[in-house]
Amino acid sequence: MINWRHTVGLVTLSTLIALGGCKKKSADLDEMKVEALSVKDTADKNVIRKMLKVEDRNVSEADANAALSAMGLSEKGAKNWDSKKGKTGDYQYKNLTFKSKDDKNVHVANVSLQGVRMENDEPTFDLMSLSKVKIDDETTKGTIDSVTFSRPNPKMAAKILDALGNMDSLDDLDIDLDIEDGEFGFGAMLMEGMNIKGDDSTLQVKSFGWGTDEDSGKGAFLAENISVTGDSKQSGKPFSLSLKSMSAEGVDMELMSEMKDGKNFNPMRSGYGNLNLSDFKMGAENFSLNLEGFQSRTDTKNGVTTERQVLKPLRMAFSGPVNDPSLKRAQKSFADLGLDNIELNGQMTKILDSNSDTLTISDSFLSMRDGFDLTYNLEARGLENAARSGSGDDVSLSRMKLELTDKSVVDRVINLVAAQQNTTPKAVKIQAKAGLAAMAFTGNAELSDGLSKMIDDGGTLTVEINPPQPLSPDAMKDVQSNPFGITKKLGLRVTHRQ
């Protein structure tokens with residue numbers, strides 16, 4: 001389901017996705033600006049409207065009337081209307097009114113139904129379009145300019161009319177995109193012009209849409225100008241959330257279904273498609289989060305899929321005290337790190353080659369302003385075989401290079417550990433270096449020396465792994481259980497420079 005908590009989760013996921021490897025030297029990152037991708041074919045309302053279209057269906061009058069009766073739309077009663085016309089499964093209603101289950105007054109100026117019928121003893125339809133929806137009672141008032149659903153499964157079809165009237169608070173306004181029994185609840189939906197005011201929150205949505213192309217099986221998503229304001233149920237303090245736009249096209253719906261069901265899925269497949277997110281903001285008490293943008297572009301040719309992703313600045317800041325327990329913990333971590341704000345940006349290129357069953361990450365970095373520059377690249381094999389077998393035994397690491405340039409993060413982390421252990425930064429350094437000195441006696445002096453210099457002097461630490469043979473899970477277990485000779489086993493090279 002999509003609500004403001006899930007959107008925060010998406011921001012976190014976007015940050016993690018942006019982690020990757022880079023062939024550029026870290027010295028260049030200070031001047032590097034994150035490139036804007038030319039993300040083509042992201043969804044707009046016309047894309048969603050095309051997915052909403054349904055073919056004409058031949059429905060008998062008896063079958064259609066049985067479905068209308070089951071939906072409460074055959075004879076006036078609990079639901080009333082000024083006029084009704086249509087036949088054989090296609091109907092139009094004017095000024096439909098009814099009471100929701102929680103006794104809210106719902107008015108819909110126009111209702112259009114196509115393909116109304118019974119299916120497995122349940123009423124369903126191919127398309128439902130509603131315009132000028134009004135919800136009104138003592139605690140909730142709202143309007144929706146238009147909302148259209150197409151190709152719902154029977155379970156979803158049975159919910160839709162009642163769901164429009166059961167919005168007791170903003171927590172009940174979730175748009176249910178969950179997958180059940182391997183399928184989404186409907187083929188496509190598009191909502192425009194939603195304005196809802198509850199007893200403690202307000203929601204505004206210019207447009208929100210989701211759909212699956214019947215021919216390709218690929219999905220598309222669209223959200224424009226979403227704004228939520230209100231008081232947090234946890235702290236009672238004001239919060240706000242806004243999103244300028246988010247759109248995606250070419251989403252692998254089969255992969256989404258497998259992920260939802262917890263099945264083994266093929267990591268060599270691309271699931272993101274082309275995605276573009278712009279200007280997400282969240283505020284709670286004296287905490288603010290602002291994601292300027294996230295973009296992803298996917299190209300596939302001859303079994304090779306290239307995904308390019310860009311994280312534009314993600315900024316998090318505290319401007320004063322907070323009361324929410326989770327925010328308090330976060331603010332303390334910020335303070336222990338000597339920070340009142342964090343700014344991250346990055347980009348990644350991922351190449352999935354199904355011909356050779358390899359994953360390559362390159363040309364990628366994550367940078368924290370006044371904190372660090374992190375770059376790395378890697379190559380792994382056997383992921384597709386692992387997905388088919390359900391075992392990770394076939395996965396192996398062929399090579400990896402990681403480079404970390406300190407711009408204050410080392411001292412900040414040492415200060416954080418000192419605060420957590422109720423000791424001094426000097427004591428933390430002594431303790432860490434004592435452990436590294438012991439590492440030198442296991443034949444790993446180069447690694448020990450590089451990490452010690454990083455702790456003392458900052459600078460740039462480069463770690464390269466080029467094993468004689470690709471590292472299997474068993475080989476990695478051996479490295480963990482037997483630290484002697486790690487340098488040779490991993491083909492490890494560690495260098496440090498100021």
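Just to be sure, is LYS453 crowded, with 16+ Cβ neighbours inside 10 Å and among the basic types (Lys, Arg)? Taking the combined requirement at face value, the residue satisfies it. SER83 meets the conditions (1) of a type in the set (Ser, Thr, Tyr); (2) in contact with a helix residue (DSSP H, G or I) (Cβ under 7 Å, 6 or more places away or on another chain); (3) exposed (fewer than 14 other Cβ atoms within 10 Å of the Cβ) in every case but one. The failed one is (2). Can ASP370 be described as at positive phi and free of Cβ contacts under 8 Å to residues at least 60 places away in the same chain? Spelling it out, ASP370 is indeed at positive phi and free of Cβ contacts under 8 Å to residues at least 60 places away in the same chain. Being surrounded by fewer than 17 Cβ atoms within 10 Å (Cβ to Cβ) and not in a strand (DSSP E or B) is the requirement here; does THR143 meet it? Against the criterion (surrounded by fewer than 17 Cβ atoms within 10 Å (Cβ to Cβ) and not in a strand (DSSP E or B)), THR143 does not qualify. Scanning segment 386-418 for residues that are in contact with an Asp or Glu (Cβ under 7 Å, 6 or more places away or on another chain), in a helix (DSSP H, G or I) and either within 20 Å of GLY338 (Cα to Cα) or among the acidic types (Asp, Glu) (or both) turns up ASN415, LEU416. Scanning segment 359-381 for residues that are part of a strand (DSSP E or B), more than 22 Å from ASP394 (Cα to Cα) and among the charged types (D, E, K, R) yields ASP363, ASP373. When LYS76 is tested against (1) loosely packed, with under 14 Cβ neighbours inside 10 Å; (2) under 30 Å from GLN204 (Cβ atoms), only condition (2) is not met.
Does at least one position in segment 71-87 carry a residue that is under 38 Å from the mean Cα position of the chain (by Cα), modelled with pLDDT under 95 and within 22 Å of GLY187 (Cα to Cα)? Looking through segment 71-87, at least one residue is under 38 Å from the mean Cα position of the chain (by Cα), modelled with pLDDT under 95 and within 22 Å of GLY187 (Cα to Cα).
Just one of the numbered conditions (1) touching a residue at least 24 places away in the same chain (Cβ under 8 Å); (2) out of contact with any Ser or Thr (no Cβ under 8 Å at 6 or more places or on another chain) is not true of ASN46: (1). Among residues of segment 314-333 that are within 17 Å of ARG412 (Cβ to Cβ), those with a Cβ under 9 angstrom from a residue that is hydroxyl-bearing (Ser, Thr, Tyr), sequence gap 6+ or separate chain, pair up as MET316/SER288; ALA317/SER288; PHE318/SER288. Note on segment 98-111: among residues that are modelled with pLDDT of 90 or more and buried (at least 17 other Cβ atoms within 10 Å of the Cβ), the one that is nearest to ILE144 (Cα to Cα) is VAL108. Filtering segment 199-233 to residues that are out of contact with any Pro (no Cβ under 7 Å at 6 or more places or on another chain) and acidic (Asp, Glu) leaves ASP199, ASP200, ASP213, GLU214, ASP215, GLU224.
Return a yes/no flag: does segment 35-42 have any residue that is at pLDDT 90 or above and either out of contact with any Ser or Thr (no Cβ under 6 Å at 6 or more places or on another chain) or not in a strand (DSSP E or B) (or both).
No, the conditions are met nowhere in segment 35-42.
Yes/no per residue for (1) in contact with a Gly (Cβ under 6 Å, 6 or more places away or on another chain); (2) under 30 Å from SER362 (Cβ atoms); (3) hydroxyl-bearing (Ser, Thr, Tyr); (4) free of Cβ contacts under 8 Å to residues at least 40 places away in the same chain:
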position: ALA432; (1), (2), (3), (4): no, no, no, yes
position: GLY435; (1), (2), (3), (4): no, no, no, yes
position: MET439; (1), (2), (3), (4): no, yes, no, no
position: ASN444; (1), (2), (3), (4): no, yes, no, no
position: ASP449; (1), (2), (3), (4): no, yes, no, no
position: MET454; (1), (2), (3), (4): no, yes, no, no
position: THR462; (1), (2), (3), (4): no, yes, yes, no
position: SER472; (1), (2), (3), (4): no, yes, yes, no
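Only one entry of SER333, SER364 meets the criterion of being under 24 Å from GLU292 (Cβ atoms), of a type outside the set (A, V, I, L, M) and surrounded by fewer than 19 Cβ atoms within 10 Å (Cβ to Cβ), and that entry is SER333. Note on segment 423-474: residues that are part of a helix (DSSP H, G or I), more than 30 Å from SER391 (Cα to Cα) and not aliphatic (A, V, I, L, M) amount to 14.
Considering (1) assigned to a strand (DSSP E or B); (2) modelled with pLDDT of 90 or more, the lone condition that GLN331 does not fulfil carries the number (1).
Any residue in segment 239-246 that is surrounded by fewer than 20 Cβ atoms within 10 Å (Cβ to Cβ), within 30 Å of ASP126 (Cβ to Cβ) and at pLDDT 75 or above? Before the answer, list the steps.
To start, the set of residues in segment 239-246 that are surrounded by fewer than 20 Cβ atoms within 10 Å (Cβ to Cβ) comprises 240, 242, 244-245.
If we keep only those that are within 30 Å of ASP126 (Cβ to Cβ) as well, we get 245.
With at pLDDT 75 or above added as a condition, the list becomes 245.
Yes, the conditions are met somewhere in segment 239-246.
Taken as a whole, segment 118-140 holds no residue that is small (Gly, Ala, Ser), surrounded by fewer than 21 Cβ atoms within 10 Å (Cβ to Cβ), more than 31 Å from the chain's Cα centre (by Cα) and within 30 Å of ASP200 (Cα to Cα).
The values are calculated or read from the model by the stated rules, or taken from the named source; none is laboratory data. Just so it is clear, the structure is predicted and the values come from calculations on it, not from any experiment. Neighbour counts are summed over all protein chains in view; Cβ atoms, including those assigned to glycine, are modelled from backbone coordinates with ideal geometry.
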